[in-house]
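The values are calculated or read from the model by the stated rules, or taken from the named source; none is laboratory data. Quantities reported herein were computed from a predicted structural model and do not represent experimental measurements. Neighbour counts run over all protein chains shown; Cβ positions are idealised from the backbone, glycine included. These area figures cover heavy atoms from the full protein model, side chains too; ligands, DNA and RNA do not enter into them. Shrake-Rupley method; radii C 1.70, N 1.55, O 1.52, S 1.80 Å.
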Amino acid sequence: MIKHLRSAADLDAETATLILDTAAEMAALSGREVKKLPALRGRTVVNLFYEDSTRTRISFEAAAKRLSADVINFSAKGSSVSKGESLKDTALTLQAMGADAVVIRHSASGAPHRLANWVEGSVVNAGDGTHEHPTQALLDAYTMRSRLGRLDGLRVSIVGDVLHSRVARSNVLLLSTLGAQVTLVGPPTLIPLDVAAALSPSTKVSYDLDSVIPDSDVVMMLRVQTERMQDSYFPSAREYSRRYGLDLPRMRNMPEHAIVMHPGPMNRGMEIAPEVADSPRSTIVEQVANGVSVRMAVLYLLLGGK
Ligand code: NCD
């Protein structure tokens, strides 16, 4: 088993599949009245969140608790980080407290890689800048596999603000490893071509959502990340929505079995219409539930739980 999960590229097909299969066993547990396993009793998991998060933070906390680990939640706000303490000094503090795993979200791409040099425990990347978010890719793959029965040969379109999306990067890497065919869709200003090619040579690019939709088994919508935009990448929200938003007429052009995904948080009415987000084809709430099982599997396997 690998020690750290910093990038989706840390996972070969065998390891990724083991995580998904383990997550399925963990999911069976959440149907029981007592949702706890003793697997990580006595182990300490620290959640180190330097950037805002709702789903991911709660999900990692729930996952660690269901495995009976001791959980310490650290958020940069209210800590000595606001007094200017460096990531390294924070890491050394965690090290002194004996963290077996550190889950980190940080606005700087590469922060989990640095952290892994300073702590002895496992490091799990919960989102670093615009770089990667490997557990999101795992929960997305899990959701696709459980809804559609396979990943190999699946046609997945990832739509919208690819440029700023760590979710897109990790998904391209993981899905390619698992044999899916990814197409990145969005305005040219939001699709870094070199990145698409560098991530996986088999990844396709399209600027025309309407032509891609009828050939997609999965349409994954991305949030437009205005907080990371210093320039204007499209003329207006309305224009963006008209060309790249998933509304009901577009959803009706998807194959009958196809699903709609979104990592959340959504800009309802911008990249996704409310009726689409709430439709039975949408897996958005399922993705959140699956996130807990997948993160349980990751913590369990990285920490060598029994
Ligand atoms: C994503 C993230 O933080 O990268 N959200 C998530 O983890 N569920 C995507 C986003 O912020 O748009």
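Exposed loop sites here mean GluC sites (Glu not before Pro) with a DSSP loop assignment and at most 14 other beta-carbon atoms within 10 Å; the chain contains its longest site-free run at 121-255.
With θ taken as phi - 60° and the Karplus curve 6.51 cos²θ - 1.76 cosθ + 1.60 applied, the whole-hertz 3J(HN,Hα) list for region 67-81 is 9, 6, 6, 7, 10, 10, 9, 10, 10, 4, 5, x, 10, 5, 4 Hz, x standing for glycine and proline.
Under the convention that each Lys and Arg Cβ holds +1 and each Asp and Glu Cβ holds -1, the size of the dipole of region 18-164 around its Cα centre is about 400 debye.
Solvent-accessible area assigned to carbon and sulfur over region 175-306 amounts to 53 percent, based on a 1.4 Å probe.
Just list whichever of LYS65/LYS204; LYS35/LYS88; LYS3/LYS35; LYS36/LYS83 have alpha carbons separated by over 32 Å in the model shown. From the list (LYS65/LYS204; LYS35/LYS88; LYS3/LYS35; LYS36/LYS83), the Cα-Cα distance tops 32 Å for LYS65/LYS204; LYS35/LYS88; LYS36/LYS83.
Among LEU151, LEU92, LEU173, the largest mean-square fluctuation in a Gaussian network model of the chain, built with springs joining Cα atoms closer than 10 Å, belongs to LEU92. Highest mobility in the GNM of the chain, judged by mean-square fluctuation with C-alpha springs under 10 Å and restricted to SER170, SER75, SER232, is found for SER232. Highest mobility in the GNM of the chain, judged by mean-square fluctuation with C-alpha springs under 10 Å and restricted to LYS77, LYS65, LYS36, is found for LYS77. Considering helices alone, the calculated mean residue ellipticity of the chain at 222 nm is -12000 deg cm²/dmol, with DSSP H runs of length four and up weighted by -39500 (n - 2.57) and normalised per residue.
Surface exposure of the chain, expressed per residue as accessible area with a 1.4 Å probe, stands at 43 Å².
Work out the length of the dipole vector of region 134-282 about its Cα centre, built from +1 on the beta-carbon of each Lys and Arg and -1 on the beta-carbon of each Asp and Glu, and round it to the nearest 20 debye.
Numbers: 16 positive and 16 negative charges, 42 e Å.
In total the dipole reaches around 200 debye.
Placing unit charges on the Cβ atoms only, positive for Lys and Arg and negative for Asp and Glu, gives the chain a dipole magnitude near 660 debye about its Cα centre.
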